[in-house]
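Some notes on the structure that comes next.
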Amino acid sequence: MLILSLALFVFGTVLYHNLYLKISDDTDDVLRSRAKGIEQSIETYWEAERMEIAEGISKAHFTKEDNINFIKIARRWVGEKINDPDLINIIVRIFDAHGSPIASSRNIPFEHLNPRIFYNVKKGADHFENAYLDVSDRPSSFRIYTTPVMENKRLAYVVQVASPLSQLHAVFRNLRFSLLFLLPLTAILTGLSGIFLVQMTLRPVDQMIETIHQITAENLKLRLQIPGTKDEIESLAKTFNEMITRLDEAFTSQRQFMEDISHELKTPLSVLKGELEVTLKKIRSTQEYENALHSSLEEVNHLAGIVENLLTLARFDAKTTILQAGPLDLNLLLKDAVDVIQVLADQKNITLQLNSAHSVEILADKNQLKRLFLNILDNAIKYTPPGGKISIDLRQQKESADIDITDTGIGIPKSELPHIFDRFYRVDKSRSSVGFGLGLSIAQSIAMAHGGKISARPNVPQGTIFTISLPIKQK
């Protein structure tokens, strides 16, 4: 409202000022035109009169200055033209070369021309002024134009025309009233309408704020009501609901992660606690103490492995892991990984088969990629029954190297495949079935750090195929 009021005030001021100047200029133009017409008309009268009474006499003897005949002609002209439609609202006064009045179209006291004005017109200059004239014994405001008529570079007489300003003042009084009344009224009505519209527009926002205040970490299922306004507010509500959904998923994942890690840590801690309690119940032999310490050390190593894997994932999430990238042959790296994991495969009589016809060179961190392959192979051996088979196929594409690791294990339901790279994810929520711990999560993080990815799909008729896609070294 303040901005609108200021704008309307500036608009009204400029409008009033410009209109006043325009009408004043138009009035001056009319007075100047009337005075010129009067001068020409009087000249016509004078020429006709001179030709009648002084035919053959030199023009030098018939100057208008101090000429009684010209005074008669001026008075006669005023008497005849007093009812001319062009002069109906114009007062005409004629002054001689000395500033004395000789004719007037209205009953105005005969006064000499103002000395200041006479001084200017005697030098041939026009003059405009606003002044009060006594018309019908009542002073009224007029716009007055005074112009000299020169003859032989001398002042012959003065024409003065005056137009009343009463109508002009009335117009501007009405305009001032309109501006001072209508513009503030416009600002007030516009402001009230604006307040009403803003309240209507922001009412859904108030409802959204009320709902937002009810949303807490324990109540992330609550959603904002979509207002259906088809504008930015509706878009805001949808965006906020999407954000709440992501937060809910993040909180749910976090809670699940805490539950899973608690479960992972609880088992080795319980085993460690139980073995220590049993050992301490009575005096044991040296061999028994040594066996108990070896068993405890295994559980401690298990716990240390979990913590180390969590730290590894945290570093990948924070992007603080620095890859020691260098050129390497994927074929040789896969052979190395197979040699390392062969011991575990032999324990379950599982066949490991590497199928690679030629070497494929990429730019990568050798140790990290080896850990990736070992994690995938370890997971495949873990869920492949004895006597099964695991094949590793290396294929070179146009822009990537693809490694397929295919097992004949128990397989993974298709609906669970998108989640197997989640930390501690278990296919069966009862925790009595397949679980993936942190190995696949670390493998996916390593692949993504190298600009690649890992995907999984069912192997027909049995098992799972993991595909690791890594960008080929740029030449």
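Inspect all residues belonging to segment 377-396 and state whether any of them is of a type in the set (Asp, Glu), within 16 Å of Pro471 (Cα to Cα) and in contact (Cβ under 8 Å) with a residue 12 or more places away in the chain. Within segment 377-396, not a single residue is of a type in the set (Asp, Glu), within 16 Å of Pro471 (Cα to Cα) and in contact (Cβ under 8 Å) with a residue 12 or more places away in the chain.
Checked against (1) modelled with pLDDT of 90 or more; (2) crowded, with 17+ Cβ neighbours inside 10 Å; (3) of a type in the set (Gly, Ala, Ser); (4) closer than 30 Å to Ser253 by Cβ, Gly437 passes all but a single condition, namely (1). Of the residues examined, Asp231 is one that is exposed (fewer than 13 other Cβ atoms within 10 Å of the Cβ) and over 30 Å from Gly451 (Cα atoms). Tell me, yes or no, whether segment 275-283 has at least one residue that is open to solvent by 70 Å² or more (accessible area, probe 1.4 Å) and acidic (Asp, Glu). Yes, some residue in segment 275-283 is open to solvent by 70 Å² or more (accessible area, probe 1.4 Å) and acidic (Asp, Glu). In the set (1) under 15 Å from Phe466 (Cβ atoms); (2) among the β-branched types (Val, Ile, Thr); (3) open to solvent by 20 Å² or more (accessible area, probe 1.4 Å), Ile405 fails one condition alone, (3). For segment 211-255, the set of residues classified as within 29 Å of Ile420 (Cα to Cα) and among the acidic types (Asp, Glu) consists of Glu218, Glu242, Asp248, Glu249, listed by residue number. Which residue is modelled with the lowest pLDDT, if the candidates are limited to segment 111-144 and must be under 19 Å from Leu155 (Cβ atoms) and in a loop (DSSP other than H, G, I, E, B)? Filtering first and then ranking leaves Glu111. Test Asn107 against the criterion of being more than 21 Å from Ile23 (Cα to Cα), in contact (Cβ under 8 Å) with a residue 60 or more places away in the chain and surrounded by fewer than 15 Cβ atoms within 10 Å (Cβ to Cβ), and give yes or no. Spelling it out, it is not the case that Asn107 is more than 21 Å from Ile23 (Cα to Cα), in contact (Cβ under 8 Å) with a residue 60 or more places away in the chain and surrounded by fewer than 15 Cβ atoms within 10 Å (Cβ to Cβ). Residues that are surrounded by 13 or more Cβ atoms within 10 Å (Cβ to Cβ) and charged (D, E, K, R) were ranked within segment 1-46; the one that is nearest to Ile82 (Cα to Cα) is Arg34. Here Val158 fulfils each of the conditions (1) closer than 25 Å to Ser41 by Cβ; (2) crowded, with 17+ Cβ neighbours inside 10 Å; (3) within 60 Å of the chain's Cα centre (by Cα) apart from (3).
The condition of being in contact (Cβ under 8 Å) with a residue 40 or more places away in the chain and either exposed (fewer than 13 other Cβ atoms within 10 Å of the Cβ) or more than 25 Å from the chain's Cα centre (by Cα) (or both) holds for only one of Thr186, Thr252, that being Thr186. Any residue in segment 199-221 that is open to solvent by 80 Å² or more (accessible area, probe 1.4 Å), assigned to a helix (DSSP H, G or I) and touching a residue at least 24 places away in the same chain (Cβ under 8 Å)? Looking for residues that are open to solvent by 80 Å² or more (accessible area, probe 1.4 Å), assigned to a helix (DSSP H, G or I) and touching a residue at least 24 places away in the same chain (Cβ under 8 Å), one finds none in segment 199-221, hence no. Per the listing Ile468, Ile412, Ile420, Ile442, the residue uniquely among the aliphatic types (A, V, I, L, M) and at pLDDT 90 or above is Ile468.
Among residues of segment 80-91 being touching a residue at least 12 places away in the same chain (Cβ under 8 Å) and of a type outside the set (A, V, I, L, M), the one that is least open to solvent (accessible area, probe 1.4 Å) is Lys81. Selection of segment 312-333 for residues being open to solvent by 80 Å² or more (accessible area, probe 1.4 Å), part of a helix (DSSP H, G or I) and either touching a strand residue (DSSP E or B) at 6+ places or on another chain (Cβ under 7 Å) or without any contact (Cβ under 8 Å) to a residue 24 or more places away in the chain (or both) yields only Arg315. Say we look at segment 222-263 and pick out the residues that are assigned to a helix (DSSP H, G or I), acidic (Asp, Glu) and out of contact with any Gly (no Cβ under 7 Å at 6 or more places or on another chain); which of these is farthest from Leu197 (Cα to Cα)? The qualifying residue farthest from Leu197 (Cα to Cα) is Asp260. Of all residues in segment 163-215, those being touching a strand residue (DSSP E or B) at 6+ places or on another chain (Cβ under 9 Å) and within 30 Å of Ala237 (Cα to Cα) number 0. Scanning segment 240-249 for residues being surrounded by fewer than 12 Cβ atoms within 10 Å (Cβ to Cβ) and either modelled with pLDDT under 85 or β-branched (Val, Ile, Thr) (or both) gives a total of 1.
The values are calculated or read from the model by the stated rules, or taken from the named source; none is laboratory data. None of these values were measured; they are calculated from a predicted model. Positions of Cβ are generated from backbone atoms using ideal geometry, with glycine treated the same way; all protein chains shown enter the neighbour counts. Note: accessible area is taken over every heavy atom of the protein model, side chains too, but ligands, DNA and RNA are not part of it. Shrake-Rupley method; radii C 1.70, N 1.55, O 1.52, S 1.80 Å.
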